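Note sheet for the following structure.
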Amino acid sequence: MRRVILDANFMLLPLERKVDVYSKLEDFLDDRVGLFAPKAVFDELRGMAGRGNKEARVAKACLQLAQMRGVGEIASMNKKPDDAIMEIAQKTDVVCTVDAALAARLKGKGVRTVAVKANGNLASR
């Protein structure tokens, strides 16, 4: 089983772009996956969910979907989501992100990343 870290933008894709990234990951990686996100990512989504606008409804639904899909919350020393992902990334197999700057930082550390292409398919960076 591969340990896969998700960032907030990747977790929002099923709701914002109607791309079922959760189902596609196991096929793409050709293995079972354990899905995780740092506490800072969950905190970011919870903060968005508390705003009372359209973004809040999407964030709430995203948190519910993450719970249904079994995305685990990992403690981190960092409060900033990207820094928390960088901290945890060395202990995982893959990081899923659509953030090009974060993907570049991860690549510099030798961490494999997965993104979503415009057509909705997954791709390694």
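None of the figures in this text is laboratory data; all of them are computed from the coordinates on show. Source: prediction; values computed, not measured. Don't worry about glycine lacking a Cβ; one is built from the backbone with ideal geometry, like all the others, and counts go over all protein chains shown.
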Pairs over 20 Å Cα to Cα, from Lys80/Lys117; Lys39/Lys80; Lys79/Lys117, come to Lys80/Lys117; Lys79/Lys117
Subtracting the Cα-Cα distance of Asp93 and Glu26 from 0.36 nm times their residue separation yields 22.8 nm
Computed about the Cα centre, the charge dipole of the chain from +1 Lys/Arg and -1 Asp/Glu charges at the Cβ has a magnitude in debye, to the nearest 20, of 160
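Would you work out the relative contact order for region 18-120, in percent, from Cα pairs under 8 angstrom that are 6 or more residues apart? It would help to have the intermediate numbers written out before the result.
Details: 96 pairs, mean separation 24.1, N = 103.
Rounded, it is 23 percent for region 18-120.
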Given 39-47, 15-23, 3-11, the highest-first ranking by average Cβ count within 10 Å works out to 3-11, 39-47, 15-23
The set of residues whose placed amide H lies less than 5 Å from the amide H of Thr113, leaving out same-chain residues fewer than 5 positions away, is Val95, Arg125
Residue separation between Arg3 and Ala104 times 0.36 nm, minus their alpha-carbon distance, gives in nm 34.4 nm
The ³J(HN,Hα) series, computed from each phi in region 90-100 with the Karplus coefficients 6.51, -1.76 and 1.60 at θ = phi - 60°, rounded to the nearest Hz and given as x for glycine or proline, is 5, 9, 10, 8, 8, 10, 9, 8, 10, 8, 4
Residue-ordered couplings for region 107-117, obtained by feeding phi - 60° into the Karplus form 6.51 cos²θ - 1.76 cosθ + 1.60 and rounding to whole Hz (Gly and Pro as x), are 4, x, 9, x, 9, 6, 10, 10, 10, 10, 7
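Assigning unit charges at the beta carbon (Lys, Arg +1; Asp, Glu -1) and nothing else, what dipole magnitude in debye, to the nearest 20, does region 78-125 show about its Cα centre?
100
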Computed ³J(HN,Hα) along region 28-37: with the Karplus parameters 6.51/-1.76/1.60, θ = phi - 60°, integer Hz and x for glycine or proline, the list is 5, 8, 6, 6, 6, 10, x, 9, 9, 9
